[in-house]
Amino acid sequence: MAVNNPLHVNEGGLPLNAIEWLETHHRCKASERVQMIRDIDFKQASYVVDAGCGPGLWTPLLARAIGYQGRILGVDVSTEALVTAYKRLHGKRYERMVKYKRGLLEQLPVPYGSVDLIFSANVSQYLPEPVTTFAAMGRYLVPGGHLIMKDIDFGTMCFHNIDKALQARVFQSRERWEQLRVDAGYSFEDSWV
């Protein structure tokens, strides 16, 4: 990962995870992200886990989608991101409905069968075994619950000065997930960047 700009690396060494970079990227994609959340059929008063929540950038969108009777738990491995998420949350109308916890995505800090929807954005490239991790998340869903993964698609993009191994992991994780999804009979509705 030596070719990455140090500003884009978080405290754990993950590329494209520095808080400032994530915030800038999120602002640049704001209209698409608002539309994506609108297009998802969120149920009011749902319990949502934001798996790999980072600095809580999706929290306002998720809170609006499920209403203020819902609950959101953001889970991330980055202490720095979670501290930022709590700072961003302070004083917001939806503050009482949100909690953030440090943890691994394959070991969510919730009981099995308790979550209505797990939302995960741009996480698979950082997971050693993304298919295994996402499959493990299924046990936390209520019957009929949904796992929604928003991921990046480098299919028509070329990045300069981004670690080639990271790009390869993104492609490989997407291919593995697509195969598992097809094998399990899951439907595919759309992809968003």
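Read-outs throughout are calculated quantities, based only on the coordinates presented, and are distinct from any laboratory measurement. In this text the structure is predicted, and so the values were computed from the model without any measurement. Glycine gets a Cβ as well: all are built from the backbone with ideal geometry, and neighbour counts include every protein chain shown.
Classify region 36-81: rounded, prolate or oblate, from the alpha-carbon gyration tensor (a ≥ b ≥ c, eigenvalue square roots; a/c under 1.5 rounded; otherwise prolate if a/b is larger than b/c)?
prolate
At R0 = 45 Å, how high is the FRET efficiency between Y68 and A168 if r is their beta carbon distance? Nearest 0.05 is fine.
So, using R0 = 45 Å, E works out to roughly 0.60.
Based on the mean of other Cβ atoms within 10 Å per residue, sort peptides 34-41, 132-139, 74-81 so the most packed one is first.
74-81, 132-139, 34-41
Please sort 122-129, 25-32 by packing, taking for each peptide the average over its residues of neighbouring beta carbons within 10 angstrom, highest first.
122-129, 25-32
Hey, rough spin-label estimate for R27 and D183, points 7 angstrom out along Cα→Cβ, what's it come to in nanometres?
Each label point is offset 7 Å from its Cα along the Cβ direction, giving 4.3 nm.
For the pair V83 and K43, how long in nm is the line joining their label points, each one 7 Å along Cα→Cβ?
3.8
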